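So the structure is just underneath, and the comments pick up after that.
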Amino acid sequence: MIRPALNAALTISILALALAGCGSAPPEYYYSLNPVAAPATTTAPANLVVAVAAVTVPAVVDRPQFVLNQPDHSLTLLEQQRWAAPLKSQIPAVLAVDLARLLGTPNVTGWPQLALPNTNWTVAVGIQRFESQLDKTAVIEAVWQVVDKTNTPVQSGRNVIEEPVQGTGYAAMAAAHDRALAKLAQVIAAAIPRSKVQ
């Protein structure tokens with residue numbers, strides 16, 4: 001008669017420990033990319049309208065978790081450090097705001113926002129590398145193309161941008177990617193024709 005009571009007590013203890021373990025799961029932290037480009041010193045023509053199309057990102061970072069690149073070429077996925085939204089939606093939104101500031105016009109849209117009907121130029125961007133080395137560098141390699149209303153390319157390029165991480169931790173890592181995207185936006189902004197607005 002004592003044994004069933006002992007078994008019941010053990011079962012209750014195990015369940016209590018299991019529930020306590022579930023209650024102490026580490027918290028998740030979320031980070032977003034943010035525009036940081038400085039405003040233009042001149043105003044763009046009033047009829048300059050630009051759209052940033054959908055941006056492609058490498059499959060290895062197309063996930064909610066932060067992916068860290070290690071010196072031995074291995075990758076570390078961090079379950080508790082996450083992007084607040086997919087990179088393929090954050091990147092065009094950030095580039096659109098950065099470009100608007102750099103070009104001196106509010107008429108820049110970024111996917112998934114619909115392009116304005118009178119869009120002059122569309123920017124297509126393919127992210128080839130989006131690498132994060134904690135407390136060291138953020139690396140973005142991108143191919144990009146500016147096309148006109150007839151989808152004819154007018155400018156294109158490939159850029160590798162390495163931005164040092166200022167500070168430590170994951171927020172500093174995300175901020176380094178912000179600055180790298182701002183530098184990419186500077187290159188693209190310089191390639192967008194302003195004197196030949198159609």
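The values are calculated or read from the model by the stated rules, or taken from the named source; none is laboratory data. Keep in mind it's a predicted model, so treat the numbers as computed, not measured. With ideal geometry, Cβ positions are generated from the backbone for all residues, glycine too; neighbour counts draw on all protein chains shown.
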- Message: Among (1) small (Gly, Ala, Ser); (2) touching a residue at least 60 places away in the same chain (Cβ under 8 Å); (3) not in a strand (DSSP E or B), there is one condition Ser89 misses while meeting the rest; what is its number?
- Response: (2)
- Looking at segment 136-147, is at least one residue outside any strand (DSSP E or B), under 15 Å from Ala54 (Cα atoms) and touching a helix residue (DSSP H, G or I) at 6+ places or on another chain (Cβ under 8 Å)? no
- Task: Evaluate segment 115-129: report whether one residue or more is in contact with a strand residue (DSSP E or B) (Cβ under 6 Å, 6 or more places away or on another chain), crowded, with 21+ Cβ neighbours inside 10 Å and within 29 Å of His73 (Cα to Cα).
- Result: yes
- Trp111 passes all but one of the listed conditions (1) modelled with pLDDT under 95; (2) aromatic (Phe, Trp, Tyr); (3) more than 15 Å from the chain's Cα centre (by Cα); the exception is number (3)
- Note on the structure: Note: among Leu17, Leu78, just one is modelled with pLDDT under 95 and surrounded by 15 or more Cβ atoms within 10 Å (Cβ to Cβ), namely Leu78
- Query: So which residues in segment 23-68 are not in a loop (DSSP other than H, G, I, E, B) and not aliphatic (A, V, I, L, M), if there are any at all?
  - Reply: Gly23, Tyr29, Tyr30, Tyr31, Thr56, Gln65, Phe66
- Message: The conditions are (1) among the hydroxyl-bearing types (Ser, Thr, Tyr); (2) over 21 Å from Pro92 (Cβ atoms); (3) modelled with pLDDT of 95 or more, and Ser195 fails exactly one of them. Which is it?
- Response: (3)
- Item | Residue list for segment 137-151, filter: surrounded by 15 or more Cβ atoms within 10 Å (Cβ to Cβ) and of a type in the set (D, E, K, R) | Glu141, Asp148
- Task: Find the residue count for segment 153-175, including only residues that are in a strand (DSSP E or B) and more than 19 Å from Val61 (Cα to Cα).
- Result: 7
- Query: For Leu181, which of the numbered conditions (1) closer than 17 Å to Gln90 by Cβ; (2) without any contact (Cβ under 8 Å) to a residue 12 or more places away in the chain fails to hold?
  - Reply: (2)
- Number of positions in segment 165-187 that are buried (at least 17 other Cβ atoms within 10 Å of the Cβ) and small (Gly, Ala, Ser): 6
